[in-house]
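Everything below concerns the one structure shown next.
The values are calculated or read from the model by the stated rules, or taken from the named source; none is laboratory data. Note that the structure is predicted; figures quoted are calculated from it, not measured. Positions of Cβ are backbone-derived with ideal geometry, glycine not excepted, and every protein chain shown enters the neighbour counts. These accessible areas exclude ligands, DNA and RNA; they are computed on the full protein's heavy atoms, side chains included. Shrake-Rupley method; radii C 1.70, N 1.55, O 1.52, S 1.80 Å.
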Amino acid sequence: SQSRYGEGKTQIEAIEAVKEIFKGMKADEPINILEANLQPLIEYFESLKTKYPSDEKSHRKMRYSAYYNLAKIYYYLDQPDKVIKEAEALIANDYDPKDGKRLLEEAISLKNLFSNSGFNTRHNIPFN
């Protein structure tokens, strides 16, 4: 239907906006400003989870995109616990569970990296 097509277009634009924001990411700068800039996009993807609640394939596809994109955003924001939550929801959604399993493995690796290193970010934050 037209509304789903419109949503698909909006979703593509949101994904492109996320990519543009991440292009500004620098390893030696804190990511809190980046996270603030991503907040409206995070909220948009969050909204898709409840906007498309049914078991219809098209609804599951929209939720898949929400979970997947949120997991990727949280991964790059060094928030593995949030990645795990989204990856588990993606697996349960059963649209494409192998992506959820891969994201889950990446999040666990990131958590282990932080645990073993004593750091909670992959960014070199300069001390003033």
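Do we find a residue being exposed (fewer than 13 other Cβ atoms within 10 Å of the Cβ) and farther than 24 Å from Gln39 by Cα anywhere in region 70-84? No, the conditions are met nowhere in region 70-84. Just the residues that are over 16 Å from the mean Cα position of the chain (by Cα), open to solvent by less than 60 Å² (accessible area, probe 1.4 Å) and farther than 22 Å from Asp96 by Cα, please, taken from region 18-65. Gly24, the sole residue that qualifies.
Checked against (1) touching a Lys or Arg at 6+ places or on another chain (Cβ under 7 Å); (2) modelled with pLDDT of 95 or more, Ser58 passes all but condition (2).
When Lys111, Lys98 are checked against the criterion of being outside any loop (DSSP other than H, G, I, E, B) and surrounded by 15 or more Cβ atoms within 10 Å (Cβ to Cβ), a single residue qualifies: Lys111. Search region 33-51 for residues that are in contact (Cβ under 8 Å) with a residue 60 or more places away in the chain and pair each with any residue that is open to solvent by less than 40 Å² (accessible area, probe 1.4 Å) and not charged (D, E, K, R) when their beta-carbon atoms are under 6 Å apart and the residues are at least 6 apart or on different chains. From residues that are in contact (Cβ under 8 Å) with a residue 60 or more places away in the chain, there are no pairs.
For the residues Asp55, Asp28, Asp78, the requirement of being at positive phi and in a loop (DSSP other than H, G, I, E, B) singles out Asp78.
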